[in-house]
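The values are calculated or read from the model by the stated rules, or taken from the named source; none is laboratory data. Being a predicted model, the structure only gives us computed values, none of them experimental. Neighbour counts run over all protein chains shown; Cβ positions are idealised from the backbone, glycine included.
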Amino acid sequence: MTLTLSDITLQHSRDLSALEAERRRQLDRVEGDRQEALRALAAARPALTTFDAACADAATVRDNAIAQPMTVFDAAQVDARGGRAADLVDVQQRYLAADEASDAAKAAALQKADADYRARLDDISKTLSLDKQFAAREVAFDARRKAAAAAEAAWLAALQANRAQQQDDLRTALDKERRQVDQAANKRDAAQKAADLVYQQAVKLARTRLSNALAAVPDAAKAQAEFDARRDDVEREFHRREEQLFDAFRDALQRISCK
């Protein structure tokens, strides 16, 4: 199946969302392991309780900020698909009507050619002597043949024009859907990035406060350093995978543009 620009863009957006979700899961796992190790230290538990509450509040704010743009995006996709379906039906109806008009024009032209030919034959039989009628009939027949050929050529040209117009209208409908989905996706992604940034900043602040509180707890500093290293490894790996997705997206766009 040939993929359209809309298909490629939508899949890229979904891949990025899936990757971000997986990154969050892995980071959450690291944080869970960190807190489990720190909770083994009794003196660290009050600071961890405060940190948990701050992270939960930040997550609630982020999720609430993302929920509405996601709902709007889903609705925009449905509207875009519905609009495209209606446009395609309209395109098909116009195409069939144009073909029917071309067929009718051809039939009318052939009928006129036949009527003109019969009228000329009648006129020949009434006005010309027998010795001149044969040549006159040949001329009349040739005129009728040329008229039929012209009607056939005009019909074929009209069919080709109808087909070209249909293809243009189909592309217009698909481009319209792509633009609508792209605009909605851009708004969704912008809202998600903004919400993620606010969340990350809140968690960073909470983590800083946690680190400061744990500085006085024996063995906590060593545990913090180990889990910070794990977290950095996760971030680097997902940054690499995100770059791979963008490279694949650019390659797909280039293949589309070369067709």
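Restricting Arg240, Arg188, Arg207, Arg231 to those that are out of contact with any Gly (no Cβ under 9 Å at 6 or more places or on another chain), part of a helix (DSSP H, G or I), within 17 Å of Ala44 (Cα to Cα) and not acidic (Asp, Glu) reduces the list to Arg207.
Just checking, does the stretch 160-168 include any residue being surrounded by fewer than 17 Cβ atoms within 10 Å (Cβ to Cβ), touching a residue at least 12 places away in the same chain (Cβ under 8 Å), under 29 Å from the mean Cα position of the chain (by Cα) and under 21 Å from Thr9 (Cβ atoms)? Scanning the stretch 160-168 turns up no residue that is surrounded by fewer than 17 Cβ atoms within 10 Å (Cβ to Cβ), touching a residue at least 12 places away in the same chain (Cβ under 8 Å), under 29 Å from the mean Cα position of the chain (by Cα) and under 21 Å from Thr9 (Cβ atoms).
Among the candidates Thr50, Thr71, the residue that is closer than 30 Å to Ala216 by Cβ and either within 17 Å of the chain's Cα centre (by Cα) or of a type in the set (Val, Ile, Thr) (or both) is uniquely Thr50.
When each of Ala119, Ala80 is tested for being assigned to a helix (DSSP H, G or I) and closer than 30 Å to Asp7 by Cα, the lone residue that passes is Ala80. Residue count for the stretch 217-244 satisfying the condition of being more than 19 Å from Arg25 (Cα to Cα), in contact (Cβ under 8 Å) with a residue 12 or more places away in the chain and of a type in the set (A, V, I, L, M): 3. Within the stretch 203-220, identify whether any single residue is touching a Leu at 6+ places or on another chain (Cβ under 7 Å), among the acidic types (Asp, Glu) and surrounded by 14 or more Cβ atoms within 10 Å (Cβ to Cβ), and answer yes or no. Yes, the stretch 203-220 has at least one match. Kindly check whether there is at least one residue in the stretch 13-27 that is modelled with pLDDT under 90, surrounded by 17 or more Cβ atoms within 10 Å (Cβ to Cβ), part of a helix (DSSP H, G or I) and among the hydroxyl-bearing types (Ser, Thr, Tyr). Yes: the stretch 13-27 contains one or more residues that are modelled with pLDDT under 90, surrounded by 17 or more Cβ atoms within 10 Å (Cβ to Cβ), part of a helix (DSSP H, G or I) and among the hydroxyl-bearing types (Ser, Thr, Tyr).
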